[in-house]
Structures are given as structure tokens and as C-alpha cells.
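Laboratory data are not the source of any read-out in this text; all were calculated from the coordinates shown. Nothing here was measured: the structure is a model prediction, and the numbers come from that model. Every residue, glycine as well, gets a Cβ built from its backbone with ideal geometry; the counts of neighbours run over all protein chains shown.
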Amino acid sequence: MPSEKLLEQKKAKVKELAKKLKEAKSIVLTDYRGLTVEQDTKLRKALREANVEYRVIKNSIISFAIKDSELAGLEKYLTGPTAIAISNDPVAPSKVLVKYSKDYEKLEIKGGVVEGNIIDLNGVKELAATPSKEELLARLIGSLQSGLYGLAVALNALAEKQEQAANA
């Protein structure tokens, strides 16, 4: 039987994780077994750079943290060793983990959550294919700029024609 102090520590971990999961826009669960230290280090670095928290957490802790919440459907993915990626960006964890799962066959994506909706492996892959907010904004700005450039060229040509007509 665990000591009172150990039990309190575990309860604190559960409470902290439950809060993070509730606030997260995206969560991805993985099985990391078989990754080399070098692969794991590269993966963690890429996730850190994308502002994604990535930790190995016992399934029992995750299970208690999601109990009685809309995330209870994640229970089915809590088999074997589990690492959890948590982010306030709905797309970042999926993008990084799908990219690395292609490079590292041993990295297995189990499933996850995006904006409160539980998704399976295919859902995580679809999400990874979605352009990021920054990419979408860049496309929009590019479209607007090209439209404005075309308008400026047309107005300039029209002004030159009117000037030539006035001088003739």
C-alpha cells in the first residue's frame, strides 16, 4: 500500500495533468518503444521548438486525469508505454509526430484529441496535413498582394492612357 506522502504526490500529478489536458487544444498519444536515444532526443527537440510539451506518463495517471471528462474516450489508447504531446496549437503536435513517425518506424501514434474531439491515427494524420494558421495567413496575404498589384498595374495603365489622350 502506498504511503500517504506518495499518494498525495500522485494526486497532485493527476490534478496538474487534468488541468493541462482540459486547457489543451491538441493532445496526441504515442508509443515510443524502440526509439534510440538519438531519435528520441531529435523528436523531443522538434516538439519543444513547436511549443509542444511531450512527456512519458503512466497510463494510470492519464486514466485518472481524464476520468469523468469529455476525454474519457482516450482510455482505449492507454495500452503499453504512453508518451503524451500537449499543445495550445491544434495542429503542431500532429505535424511533428506524423513527420517523425514516417522517419522512425518504431514511433507509433495511438490517437489524440483536437479541440475537444477524440481522433484516431487517421484523424491525427489528416490533421497533420492541414496547413498551419501561419501558412494560411501567408497564403491569404499573398493572394491579397497579388490582387492589389494587379489593380495597381491596371490603374497605372489607365492613368497613362488618359494622360496621353489629354496631351494629344
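Things to note:
- Paramagnetic label reach from D103 (point 7 Å along Cα→Cβ; backbone nitrogen cut-off under 16 Å): within the range 42-70, residues 42-52.
- When shorter helices are ignored and each DSSP H run of at least 4 residues is given -39500 (n - 2.57), the per-residue value for the chain at 222 nm works out to -19000 deg cm²/dmol.
- Counting 0.36 nm for each residue step from E23 to Q162 and taking away their Cα separation leaves a gain of 44.0 nm.
- Acute angle (nearest 10 degrees) that the helix 4-23 long axis makes with the longest principal axis of the chain, alpha-carbon atoms: 20
- Mean-square fluctuations from a GNM of the chain, with a 10 angstrom spring cutoff on Cα atoms, peak among K20, K76, K95 at K76.
- Taking every Cα-Cα distance in the chain and sorting them into 5 Å bins from zero, the calculated P(r) comes out as 1, 8, 14, 16, 14, 10, 7, 5, 4, 3, 3, 3, 3, 3, 2, 1, 1, 0, 0, 0, 0 percent.
- Overall, the chain carries a charge dipole of about 680 debye about its Cα centre when +1 sits on the Cβ of Lys and Arg and -1 on the Cβ of Asp and Glu, all other atoms neutral.
- Under a Gaussian network description of the chain, with springs only between Cα atoms under 10 Å, the residue in E108, E126, E70 that fluctuates furthest is E70.
- Each of G111, A46, S101 was placed along the dipole of the range 4-130 (beta-carbon charges, centred on the mean Cα), and the one lying farthest toward the positive end is A46.
- Reachable lysines, given that their alpha-carbon falls under 20 Å from the alpha-carbon of K67 and they are not under 8 places away in the same chain: K10, K11, K13, K15, K19, K20, K22, K25, K58, K76, K110
- Vicinal HN-Hα couplings computed from phi for the range 103-119 (Karplus, 6.51 cos²θ - 1.76 cosθ + 1.60; Hz; Gly/Pro x): 6, 10, 4, 6, 7, 10, 8, 8, x, x, 9, 9, 6, x, 9, 6, 10
- Partners for K42 among lysines (Cα-Cα distance below 19 Å; same-chain residues under 8 apart left out): K95, K99, K102, K106
- Taking the chain and dividing mean pair separation by its residue count, relative contact order in percent (alpha carbons under 8 Å, at least six apart): 27
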